[in-house]
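Quick notes on the structure that follows.
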Amino acid sequence: MLQSFQMIKPVIGAHVSAAGGLPNAILHAQHIGADAIQLFGSSPRQWAVRIPSAKDGIAFKTAAKQAQLRAVFLHAPYLINLATSDVPLWKKSVTLLTATMKISEVIGAKGIIVHVGSGEGGLFREQSLARAASGIKQVLRQSAGKSLCIIENSAGGGEKVGKDLAEIVWLIKKIGSKRIGVCLDTAHAFEAGIAEYSSTGVKKLADEIERTIGWPRLVAIHANDSKTEFGSKNDRHENIGKGFIGEDGFRNLLHHEKFRRAPFMLEVPGYDGTGPDKKNIDALKRLAAN
């Protein structure tokens with residue numbers, strides 16, 4: 001018998017700080033009422049990485065289980081650019097993402113959510129995509145395990161790769177691995193002009209996901225309102241219900257049965273400017289329930 005819509009409770013989580021040690025991320029999640037977490041495994045703006053010991057990994061997994069977290073994700077450092085034609089930068093990016101994948105494996109995370117990077121536009125777009133695919137293939141070869149490399153869609157500004165589902169599908173096919181997932185960022189999709197969240201817009205997006213990447217690949221949703229208008233290509237996140245997507249947009253998304261199956265992870269500025277908070281968590285839970 002199929003599970004009814006009412007019985008499928010969405011997982012509502014958030015990006016949280018791990019300052020002072022990975023276990024602090026779990027404490028922060030509990031403080032704001034998050035069911036799942038996303039965190040940086042190392043500084044997002046440094047090339048240096050320290051991979052936790054097996055002992056530290058076990059301690060983190062135990063704490064996450066005790067906190068009843070439904071999912072754990074890492075976010076890749078911002079320095080990574082796998083689409084670049086700058087060979088030294090590309091090699092450093094592969095090394096950094098490989099190390100972050102190893103952190104994911106040690107702490108038992110679902111995988112790494114990564115911005116693929118930026119390349120050259122126009123006639124060189126396919127070369128940028130090919131470099132990104134080649135980089136991810138190398139990362140997967142060098143980081144055995146179950147952790148996924150999770151490609152996030154971009155807001156479409158500049159020459160960022162992954163501006164629409166067609167480009168992400170291209171990468172998936174070129175990489176050819178079961179360890180590739182997709183993270184849909186609601187603000188990025190809105191700002192790129194590929195998704196608006198009326199009831200018909202959500203249905204259209206759902207149909208496109210089913211036709212292109214397929215639902216099993218959608219493993220996370222970054223739940224962010226947009227401070228900029230539809231199609232702006234300007235990546236600016238806003239608190240839930242305070243931007244151009246609005247409460248109705250998130251309600252429509254949360255009330256679509258297929259989208260409810262992926263964890264919703266907040267990356268909003270928060271009401272005190274320090275990131276996702278209980279007020280935003282509660283807003284998503286309220287919209288999911290009503």
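Only the coordinates and a few stated rules stand behind these numbers; no lab work does. None of the values given here were measured: they were computed from a predicted structure. Glycine also receives a Cβ, built like all others from the backbone with ideal geometry; neighbour counts cover every protein chain displayed.
Stretched out fully, how many nm does the piece from Q127 to E257 gain, at 0.36 nm a residue minus the Cα gap?
43.1 nm
Between the amide H of L148 and those of G111, I112, distances stay under 5 Å, these residues lying 5 or more places away or on another chain, with hydrogens modeled in the peptide plane. How many nm separate the modelled label positions at K55 and V87, each set 7 Å beyond the Cα in the direction of the Cβ? Inter-label distance under the simple model: 4.3 nm. Both radii are taken from the alpha-carbon atoms of the range 9-289; with Rh as the Kirkwood radius, Rg/Rh is 0.94. Computed from label points 7 Å out along Cα-Cβ, the spacing between R286 and S134 is 5.1 nm.
Taking all Cα pairs closer than 8 Å and separated by 6 or more residues, the relative contact order of the range 177-262 comes to 36 percent.
3J(HN,Hα) along the range 177-183, derived from phi through the Karplus expression 6.51 cos²θ - 1.76 cosθ + 1.60 where θ = phi - 60°, amounts to 10, 6, 8, 10, x, 10, 10 Hz, with x in place of Gly and Pro. The relative contact order of the chain, computed from alpha carbon pairs under 8 Å that lie at least 6 residues apart in sequence, is 18 percent. Stretched out straight at 0.36 nm per residue, the stretch from E210 to K174 would grow longer than its current Cα-Cα span by 11.1 nm. Each peptide in 189-199, 206-216 gets a packing score, the mean of other Cβ atoms within 10 Å over its residues, and the list from highest to lowest is 189-199, 206-216.
Around the amide H of D185, modelled in the peptide plane, lie the amide H atoms of N153, H222, all under 5 Å away and 5 or more residues distant in sequence or on another chain. A simple rule links phi to the HN-Hα coupling: the Karplus curve 6.51 cos²θ - 1.76 cosθ + 1.60 with θ = phi - 60°, which for the range 138-152 gives 5, 4, 5, 5, 8, 9, 5, x, 9, 4, 8, 9, 10, 7, 9 Hz, with x for Gly and Pro.
Just to verify a number: FRET efficiency for A19 and E229, C-beta to C-beta distance, R0 = 41 Å, to 0.05? Efficiency, rounded to the nearest 0.05: 0.75. The Cα atoms of the range 1-140 cover 48, 41, 24 Å along the three principal axes, with the biggest extent listed first. Between amide H atoms placed 1.01 Å from N, distances below 5 Å from E238 occur with D225, S226, K227, all of them 5 or more places distant or on a separate chain. Counting 0.36 nm for each residue step from Q66 to Y78 and taking away their Cα separation leaves a gain of 1.3 nm.
Would you mind checking K178/K285; K55/K146; K174/K233 for any pair whose Cα atoms are more than 23 angstrom apart? Cα-Cα > 23 Å for K178/K285; K174/K233; rest within.
Tell me the relative contact order for the range 115-163 as a rounded percent, counting alpha carbon contacts under 8 Å between residues six or more apart.
51
In sequence order, the range 9-17 has phi-based couplings of 8, x, 8, 10, x, 7, 6, 10, 7 Hz under the Karplus curve 6.51 cos²θ - 1.76 cosθ + 1.60, θ = phi - 60°, and Gly or Pro positions carry x. Taking every DSSP beta bridge that has both ends in the chain, the antiparallel portion is near 10%.
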